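Visitor: Could you have a look at this structure, given as structure tokens, before my questions?
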Amino acid sequence: MNIENKSNIILPLLVLALFLLFPVFYGDGYLLRIMITSLIIGILGMGFDFTGGFINIVNFGYAAFMGIGAYSSGIIATRFGISPWLTVFAAVAVSGLVGFLLGLLTLRLRGIFAACMAWFLALVAHSLAINWVGLTRGSSGLIVPSLLRTPSNVPFYYILIGLGFFIYVVLSLLINSQYGTAFSVIGQDLEASHASGVNSTKYKIINFTISCAVAGLVGWFYAHYFRILTPDVTHTRQTVEILAIAYIGGRGSLWGSVISALIVFPLLEYLRPVPELRLIVYGFMLILVMVYYPGGMASLLKFVYSSAKNKVLSQ
Amino acid sequence: MEFLINLLTIGVLRGSSYILMALGLGLIFGVMNIPNFAHGELYMIGAYLAYIGYTTLSLPPVLTIIFAAAGTFVVGGILEIVLFRPLRKRSLPGRWIMNCFLLTLGISIILQNTAQYIFGYRYLGISSFWPGTTSILGTITVSNDRLIGFAISALAVLIFWYFLTKTKTGRAIQAVSEDEIGAELVGVNLNFIFTLTFALGAGLAGIAGSSLLAINAAHPMMGLNPLFKSWFVIILIGMGNVGPIFIGGVIVGILETLSYAYFGAGWQNAVSLAVIIIILIVAPQGIFGKKGVQSIWEK
């Protein structure tokens, strides 16, 4: 029991230390940029998993929530000349608000309708981003001020690590609180949750709003790191990528998404010139995980870890 | 008045393919509880098969459509046997719908991108199955393809309706949608019914995709709009309602025509979303929602 508790704290800190040391060994270059893109997807996967893996609602417009955050922050920063460090609040608030309203509208209904409506919303966000040229500059892209006046990727990397760690800690604390218990009850068996008197709609809306706000937060980083926003950030293709990463990582694990993003994303970089093949690989992995290994990488790693620990303890 | 009649006519003509799509989507959801997000890709397969049948194999138009429908029927059957059957054995009952949703998503991604890989990002169309135009009621002129496409959809729906209500197998499908365990107890072979249902739904999508090939050319992303619109129909009329699908399809067809005329192509989706939001606020059961049908509310 004691070892269990200690390893629960030591392991994440160890991983964090490894992340922090990465640029020391690899410096600023191609590898670090890949690392940043993978982490963006991984952290988004974590936010997605908070809804998908716990209350079992698939937010099939997740990239749109990231896009909404990114565009809100970008538009406010460019129009009013406000520092991007302050627009982070706008990004989180707008994405969270849109998520809250969508949740209010759909989470009383059967889960598939929330997925459907999130998808509709994403389609609309995408066509708005293309057609509302006065606001978003359409397909030619919105140029956004950078967070830092430096050509180096290293500070951005550290900001992202901080952001990711912050999101992980907040989401884990929520999962381990009474809210988390309610979320799991709702996700596992709705009828039982009704019988035990859980106001499931309320908890689902809370969960959904937080998850969308996380997407907005990552969107803020995305906007001011890449410094250009095109309607493609809200595309369903992006949602599919995040969703696949989250489920391959293992639903209900949070950290699984980051692991799978760091493994799968760099490998698929080789297929960058042929985007179709990339998505075909995602599709196959999604189907395989769905049908044959629903626990994903997280349950595989847990299995390896616990059998290794048992071996050590029994010696 | 004339304007209204024109609108209605165009709505009916445009809506007919959404009716076919929504019928298959609703059937698969009603009987198997699968929200099929790969339905648009089955439509796409229908269109590609029709293109191959008409140009490469030089089949006559009607045979082309039958060829495409049969092809998608087989694809649907194979998908069910290879993917949904193993999932049915493994999935927890409470997670079935979401697992299926993700599975169909995987299928959709693979089909879409395989089509793009094989055929490239170009439109493979034909000028027309049936050249020429016809004027209806003396006020509007429509292409023969649209008109005959409508007739084919109507015929397919009628045949499907007859099959579902009058034949033994069709009644078995209805029985399964009402009570799976009860149907199994009276000797219905569930596996067979599930495979048949999915294949039938796919075949209907194949007819929709192939009969309008001259108007909607085959293209990897062509399934998106029909999928979106057929979900729209399902939400509009309320889940589990089959009869009103015809009215729902026409309404969506009219809405599409109207928003296209007044707001332009880019804003169509926004108009649709606004209408759906209003429906969900005002009549979340769907406008034809009635007691006894599977509601969209959480039980």
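Visitor: Is any helix in chain B, taking whole DSSP H runs, at least 24 angstrom long along its axis by alpha carbon and on average at least 1.0 on the Kyte-Doolittle scale, and which ones?
Guide: Span-like helices here: B:2-32, B:61-79, B:96-119, B:144-166, B:190-211, B:245-263.
Visitor: For the stretch B:48-144, state which trypsin sites (Lys or Arg not before Pro) are in a DSSP loop and have at most 11 other beta carbons lying within 10 Å of their beta carbon. Before the final figure, lay out the partial values.
Guide: Details: sites: B:Arg88, B:Lys89, B:Arg90, B:Arg95, B:Arg122; in loops: B:Arg122.
Answer in residue order: B:Arg122.
Visitor: Using every pair of alpha-carbon atoms in the protein assembly as shown, split the distances into 10 Å bins beginning at 0 and state the percent of pairs per bin, rounded to integers.
Guide: 3, 16, 26, 26, 17, 9, 3, 0, 0, 0
Visitor: Could you tell me which helices of chain A pass both thresholds, a Cα extent of 24 Å or more along their own axis and a mean Kyte-Doolittle hydropathy of at least 0.5, with helices taken as whole DSSP H runs?
Guide: Result, helices passing both filters: A:2-26, A:30-52, A:62-80, A:84-106, A:111-131, A:154-176, A:200-226, A:275-292.
Visitor: Put a dot 7 Å past each Cα toward the Cβ at B:Asn33 and A:Ile143; how far apart are the dots in nm?
Guide: For A:Ile143 paired with B:Asn33, the spin-label model returns 5.5 nm.
Visitor: If you don't mind, there's one more thing I want to ask. So what's the back-of-envelope 222 nm ellipticity for chain B, counting only DSSP H runs of four-plus at -39500 (n - 2.57) apiece and dividing by all residues, rounded to 500? Provide the component values of the computation, followed by the final result.
Guide: Details: 12 runs with 203 residues, N = 299.
For chain B, the value works out to -22500 deg cm²/dmol.
Visitor: Principal axis lengths of the stretch B:95-233 from Cα atoms, whole Å, largest first?
Guide: 54, 40, 24
Visitor: Once Rh is set to the Kirkwood radius over Cα pairs, what Stokes-Einstein translational diffusion coefficient, in µm²/s, holds for the stretch A:3-314 at a temperature of 4 °C and a viscosity of 1.567 mPa s? Walk me through the numbers before you get to the answer.
Guide: On the way: Rh = 20.0 Å.
Taking Rh from Cα pairs, D becomes 65 µm²/s.
Visitor: Still on this model: Using a Debye calculation, one point per C-alpha and no hydration shell, please list log10 I(q)/I(0) for chain B at q = 0.08, 0.09, 0.15 Å⁻¹ in order.
Guide: Per q value, in the given order, log10 I(q)/I(0) is -0.34, -0.43, -1.24.
Visitor: Quick one: in the stretch A:17-123, what % of C-alpha pairs are over 23 Å apart?
Guide: Values: 2468 of 5671 pairs.
Value for the stretch A:17-123 (Cα pairs over 23 Å): 44 percent.
Visitor: Is it possible to state the helix-based mean residue ellipticity at 222 nm for chain A, with each DSSP H run of 4+ residues giving -39500 (n - 2.57), the sum divided by total residues, to the nearest 500 deg cm²/dmol? What is it?
Guide: -26500 deg cm²/dmol
Visitor: Then there's this: Let me have the relative contact order for the stretch A:3-314, percent, based on Cα pairs under 8 Å that are six or more residues apart.
Guide: 32
Visitor: Which shape class, rounded, prolate or oblate, goes with the stretch A:220-281 when its Cα gyration tensor gives a ≥ b ≥ c as root eigenvalues, a/c under 1.5 marks rounded, and past that a/b bigger than b/c marks prolate?
Guide: In terms of gyration-tensor shape, oblate.
Visitor: Say each of A:Leu135 and B:Thr167 gets a label point 7 Å from the Cα, pointing the same way as Cα to Cβ; how far apart are those two points in nm?
Guide: Taking the two extended label points, one gets 5.1 nm.
Visitor: Would you mind getting me the FRET efficiency between B:Thr141 and B:Ile66? Use the beta-carbon distance for r and R0 = 22 Å, nearest 0.05.
Guide: Details: r = 28 Å, r/R0 = 1.29.
That gives a FRET efficiency of 0.20.
Visitor: Taking the Cβ of A:Pro266 as the centre, find all other residues whose Cβ is under 14 Å away and add up their charges (Lys, Arg: +1; Asp, Glu: -1).
Guide: Working: positive: A:Arg33, A:Arg272, A:Arg278; negative: A:Glu241, A:Glu269.
Here the charged neighbours net out to +1.
Visitor: With each pseudo-label sitting 7 Å past Cα toward Cβ, what's the A:Arg272-A:Phe89 distance in nm, one decimal?
Guide: In this crude label model, A:Arg272 to A:Phe89 measures out at 3.8 nm.
Visitor: Could you work out Rg/(2.2 N^0.38 Å) for the stretch B:163-237, with Rg from alpha carbons only?
Guide: Rg over 2.2 N^0.38 Å, computed on Cα atoms: 1.40.
Visitor: Would you mind giving the mean number of other chain beta-carbons within 10 Å of the Cβ of each residue in A:289-298, as a whole number?
Guide: That average works out to 4.
Quick note: the coordinates plus some simple rules give every number you see, no bench work behind them. Predicted model only: the values in this text are computed from it and were never measured. We place every Cβ from the backbone using ideal geometry, glycine too, and count neighbours over all the protein chains shown.
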